[in-house]
Amino acid sequence: MRYIKQEIFSKIGKENQLKLYKSTVSVVGIGALGTILLDILARSGIGKIKIIDRDIIELSNLQRQTLFTEEDLGKPKVVVGKEKISQINSEIDIEAHLIDLDHDNINIIKSDLILDCTDNIYTRFLINEYSRKNNIPWIYTSVIGSKGMTMNVTKENPCFACIFKEPRQALETCDTYGVLNTTPHALAAIQATEAIKILTGQDYNKDLIYYDLWKNEINKIKIRKSKDCRVCNGIYSYLEGKKLKGTIKICGSCNYQIKIDNINMEDLFNKLNKLNSIKTTDDCLILNDIIFFKTGRALVRAKTKEKAKAIIDRYLG
Ligand SMILES: [Zn+2]
């Protein structure tokens, strides 16, 4: 009974509903797009969903990140996401990963389809190479202001690197341009519909879709494979760890992420516990201005990169 309205819909039916149930997808990034997409996919009966995110929930997220409420502030997005989705559909399997997706842990996203809901171009190039190399389709989607773009990256379609150039400097992000909360809803609806088409083996969109909600304009832009594309020619720099991320500003929050090598959480806990009141979870140590993750990274609340580094030095020095 749960999926009756979808099974009556002629493009899905009972047979395709079963295909959805047998599918595994990975949702990378549980922000605005990710929460909305997760809600849609779980309700539509995708059998297994892997969720990957590195961040915690902040007040400024609640304007658009629909799964979260005020009582979730300060908790990791994947933990709350899994909890909420299990309440929506207990018949499906949700696997939560509180990690910063990178070349050394990328195998976690092995699935039938990868859904990009990140806010950073580095991760998109990484997913693109993983997907090309392992022949797994993925769907790129981004939103900014009242505008959004989405593109299916499949064997038949050009790859992300055929179309987009690698950034030489930081790109405009939602921190500088903001985002209208209707934009991720519209783009997640397109992304989820394309996901359902791909997972059920039906004809899907081959163009780059550009949607401006404020102007009510939707454009389909023809795209072509590039002969000189590095990735299509089998060169995987991101996947081989030749492109390093370093310190990054996380979009939509005041947090900087800094990688830390050889962190012994127990030692750190004992040391910091003498100085501060610390909250702990299975995966992290939470202090007022910093969160240390077991996986060797920290999220620091600071206005600039330099201030973030100074805070880290204060705790680790
Ligand atoms: Zn390419």
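Annotations
- Of all residues in the stretch 105-128, those satisfying the criterion of being out of contact with any helix residue (DSSP H, G or I) (no Cβ under 8 Å at 6 or more places or on another chain) and closer than 18 Å to ILE163 by Cα are ASN120, ILE121, TYR122, THR123.
- Listed by first and then second residue, the pairs linking a residue in the stretch 302-317 that is touching a residue at least 12 places away in the same chain (Cβ under 8 Å) to a residue that is in a helix (DSSP H, G or I) and surrounded by 11 or more Cβ atoms within 10 Å (Cβ to Cβ), with Cβ atoms under 6 Å apart and 6 or more places separating them unless they lie on different chains, are ALA302/ALA308; ALA302/ILE311.
- Residue check, LYS133 closer than 20 Å to HIS185 by Cα and in the same structural domain as LEU213 (by TED's automatic domain parsing): no
- Search result, residues across the stretch 217-240 that are of a type in the set (A, V, I, L, M), more than 8 Å from the ligand (Cβ to nearest atom) and assigned to a loop (DSSP other than H, G, I, E, B): ILE223, ILE235, LEU239
- Condition met for THR182 (away from the ligand (no atom under 16 Å from the Cβ), closer than 17 Å to ARG64 by Cβ, among the hydroxyl-bearing types (Ser, Thr, Tyr) and surrounded by 22 or more Cβ atoms within 10 Å (Cβ to Cβ)): no
- Test: residue in the stretch 88-107 that is under 15 Å from the mean Cα position of the chain (by Cα), in the same structural domain as ILE57 (by TED's automatic domain parsing), charged (D, E, K, R) and crowded, with 23+ Cβ neighbours inside 10 Å: no
- Matching helices (runs of 4 or more DSSP H) fully within the stretch 1-108 where at least 2 residues are at negative phi and in contact (Cβ under 8 Å) with a residue 60 or more places away in the chain: 13-21, 32-44
- In the set THR118, THR123, only one residue is at pLDDT below 95, outside any helix (DSSP H, G or I), in the same structural domain as LYS19 (by TED's automatic domain parsing) and within 16 Å of the chain's Cα centre (by Cα); that residue is THR118.
- Per-region count, the stretch 133-143, residues touching a residue at least 40 places away in the same chain (Cβ under 8 Å), within 16 Å of the ligand (Cβ to nearest atom) and buried (at least 22 other Cβ atoms within 10 Å of the Cβ): 1
- Sole exception among (1) out of contact with any Lys or Arg (no Cβ under 7 Å at 6 or more places or on another chain); (2) in contact (Cβ under 8 Å) with a residue 24 or more places away in the chain for GLU266, by number: (2)
The values are calculated or read from the model by the stated rules, or taken from the named source; none is laboratory data. Values in this document were obtained by computation on a predicted structure and should not be read as measured data. Virtual Cβ from ideal backbone geometry, glycine too; neighbours counted across all protein chains shown.
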